[in-house]
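No value in this document is a laboratory result; all are computed from the given coordinates. These figures come from a predicted structure and were not determined experimentally. Neighbour counts are summed over all protein chains in view; Cβ atoms, including those assigned to glycine, are modelled from backbone coordinates with ideal geometry.
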Amino acid sequence: MTHPAIRAARALGWSSTFVPVGEGRIHLVRQGRGVPLLVLHGWPEFWLTWRPLIERVADRCECLAPDLRGFGATGKWEPEPSSGIGPEVHARHLVDLLDRLGIDRVLLVGHDVGAYVAQAMARLAPERLLGIFLMDCPHPGIGARWAAPRQIAEIWYQSFNQQPFAALLVGASRATCRAYLGHFLRHWAHRKDVFEADLELWVDVFLEPGNLEGGFDWYRSIAPARLAAIEGCAPALPPIDVPTRVLWGRHDPILRAAWADTLPATFRDLELGFAENSGHFPHREEPEVVAATLRAFLDRLGLR
């Protein structure tokens, strides 16, 4: 039976293919023509989260929307460890993906998990990037603020998702999966209904074998680095020189807009702005604003 993430692409008439990468293969959706745009989703998301943005920039960009390893139709690979699939591993997969596609350089777009991966890719292979466009961006400067007293009630899921029973509980029924995913898609958004039309499809995707566990693997893999940041003992990382534009949702409760204050220590060539009517998902909540900001960034970089 066809994976629902693939069916969603075919329903739109967009290209949906599998590209061999490393020990497995990545599901990739392609749409549009022009500047190569590699868009990297967060959790709990998959490629379709980018649909509103892709529809608004496909006249100028060839949009490449992969399901990251563990997510969507890419899913888990075998043998699959329960940890260790962190940003650097994803970055290597994406460089391999570009090689397989014969694409030299891309404009990299990332959100949430995708923003983590984008930073790793910028350090691994900066020569492959035309620029970086990020939303609601986790970065080293957040540090101990992840676990500030008023933030504890927001980050509980990061510990829960690492538990060996998490996928069993969330996937116990369609109702439990809908309740869990729906909570984050509503709570983190400023516009609370932004995922409602797609929620049943989201449930379909995450109930596919291995998809809940695949997403939870991300939290297992990133846990040591996040704990080190909270404890103030994380190793210093070199700053990123690639031109970077960050657009941060003003009302994001999990990645707070105030945390943008330390971005200049990570990005040397930084332009920062805020999506004033968005929470955690500017690409879904204010796609017109995101598309206009992205087009302006393309202009700044001289990309036509």
- Message: If each residue of separation counts as 0.36 nm, what is the full-extension length gain between residue 144 and residue 127 once their alpha-carbon separation is subtracted?
- Response: 2.9 nm
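Note down the relative contact order for segment 3-50 as a percent, whole number, built from C-alpha pairs under 8 angstrom at least six residues apart.
Once divided by the residue count of segment 3-50, the mean separation gives 31 percent.
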- Message: Need one number: % antiparallel among DSSP beta bridges in segment 1-158, to the nearest 5.
- Response: 45
- Query: P(r) tail for segment 201-304, what percent of Cα pairs lie past 25 Å?
  - Reply: 41
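Give me the Kirkwood hydrodynamic radius of the chain in Å, from all C-alpha pairs, to one decimal place? Could the numbers behind the result be given before it?
Details: mean 1/r = 0.0521 Å⁻¹.
In the chain this quantity evaluates to 19.2 Å.
What is the projected area of the convex hull of the Cα atoms of segment 58-172, averaged over all directions, in nm²?
Details: hull surface 38.5 nm².
Computing the convex hull of the Cα atoms and averaging its projections yields 9.6 nm².
Please compute the contact order of segment 4-301 in relative form: average sequence separation of alpha-carbon pairs under 8 Å and at least six residues apart, divided by the residue count, as a percent.
Numbers: 568 pairs, mean separation 59.9, N = 298.
20 percent.
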- Query: Excluding residue 267 itself, what net charge comes from residues whose Cβ is under 11 Å from its Cβ, given Lys and Arg +1 and Asp and Glu -1?
  - Reply: -1
- Message: Using Cβ contacts closer than 10 Å as the measure, can you line up 267, 274, 46 from fewest to most?
- Response: 274, 267, 46
- Task: Please list the helices of the chain that count as membrane-span-like by this rule: a mean Kyte-Doolittle hydropathy of at least -1.0 together with Cα atoms stretching 18 Å or more along the helix axis, each helix being a complete DSSP H run.
- Result: 87-101, 174-187, 211-231, 287-301
- Message: Whole percent per 5 Å bin, from 0 to the bin with the longest distance: what is P(r) over all C-alpha pairs of segment 250-304?
- Response: 4, 18, 21, 23, 23, 9, 2, 0
- Query: Can you give the three extents of the C-alpha atoms in segment 197-262 along their principal axes, from longest to shortest, in whole Å?
  - Reply: 39, 28, 25
- Note on the structure: In Å³ per residue, the alpha-carbon convex hull of segment 117-186 encloses 154
- Send over the per residue convex hull volume for segment 17-83, Cα only, as a whole number of Å³. 84
